[in-house]
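S.K.: Below you will find the structure I want to go over with you.
The values are calculated or read from the model by the stated rules, or taken from the named source; none is laboratory data. Keep in mind that what you see is a predicted model, and the values were worked out from it rather than measured. Reconstructed Cβ throughout: ideal geometry from the backbone, glycine too, with neighbour counts over all protein chains shown. Quick note on the areas: whole protein, heavy atoms, side chains included, nothing else; ligands and nucleic acids left out. Shrake-Rupley method; radii C 1.70, N 1.55, O 1.52, S 1.80 Å.
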Amino acid sequence: MGKRYFCDYCDRSFQDNLHNRKKHLNGVQHLRAKKAWYDLFRDAAAVLLEEQSKKPCRKFLQTGQCDFGFNCRFSHMTEEGLEKLNAQVQEERRSKEEGAEVPAGTVEDWLEKRAKRVSLAQSNSSLTEKTLVFQYPPGWPPIQDLPPSLQAPPPGGWPILPNLQWG
Ligand SMILES: [Zn+2]
Ligand SMILES: [Zn+2]
């Protein structure tokens with residue numbers, strides 16, 4: 001017996017050869033099953049709408065089985081499933097609304113605050129200078145023991161050496 005090809009979308013297997021595979025993968029049933037599979041990842045609202053527009057599949061709901069599977073034109077969704085989906089839709093809607101609920105005037109607020117900060121810094125320029133004094137982390141060795149690369153630049157920055165060449 002040769003290998004068998006199992007199609008996850010259709011939940012069925014068949015003897016694996018090029019002819020069968022081609023026939024199956026291009027078949028209407030397979031394409032519909034594949035679409036149904038990807039539909040599972042669609043917007044929950046769209047799925048809910050579609051499922052609610054279908055009549056429930058009596059066979060599936062009574063026996064838990066239906067030969068049509070994904071291809072069934074009736075809804076295989078149980079009441080519980082619909083409820084869950086509905087909850088998911090509400091949840092998605094809520095999170096979307098929250099995401100859109102950026103309070104108006106945020107940019108203006110930000111600019112206003114920034115302007116205040118800037119003017120405060122300007123009026124307290126002596127204070128800002130003081131806070132800018134370089135501080136070494138606690139526990140460091142004395143400054144003279146630090147390698148030059150770890151020393152704070154002198155006020156006014158490092159002198160630019162003439163003809164300095166980086167190696
Ligand atoms: Zn298939
Ligand atoms: Zn059905």
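S.K.: Any chance you could run the full-extension gain for Leu61 through Ser119? It's 0.36 nm times the residue separation minus the Cα-Cα distance, nm to one decimal.
M.R.: That pair, Leu61 and Ser119, stretches by 13.8 nm at full extension.
S.K.: With a 1.4 Å probe and all protein chains left in place, how much accessible area per residue does the chain have, in Å²?
M.R.: Result: 87 Å² of accessible area for each residue.
S.K.: Follow-up question, since we're still on this one. By how many nm would the segment from Leu49 to Asp16 grow when fully extended, if each residue of separation counts as 0.36 nm and the alpha-carbon distance is taken off?
M.R.: That pair, Leu49 and Asp16, stretches by 8.1 nm at full extension.
S.K.: If you count only protein heavy atoms and use a 1.4 Å probe, how large is the accessible surface of Leu150, to the nearest 10 Å²?
M.R.: Spelled out: Leu150, probe radius 1.4 Å, area about 80 Å².
S.K.: Assuming R0 = 25 Å, can you tell me the calculated FRET efficiency for the pair Gln90 and Asp8, based on Cβ-Cβ distance, to the nearest 0.05?
M.R.: 0.25
S.K.: Quick one: with all protein chains in place, what share of the accessible area of the chain is carbon or sulfur, to the nearest percent (1.4 Å probe)?
M.R.: Whole-percent figure for carbon plus sulfur exposure: 57.
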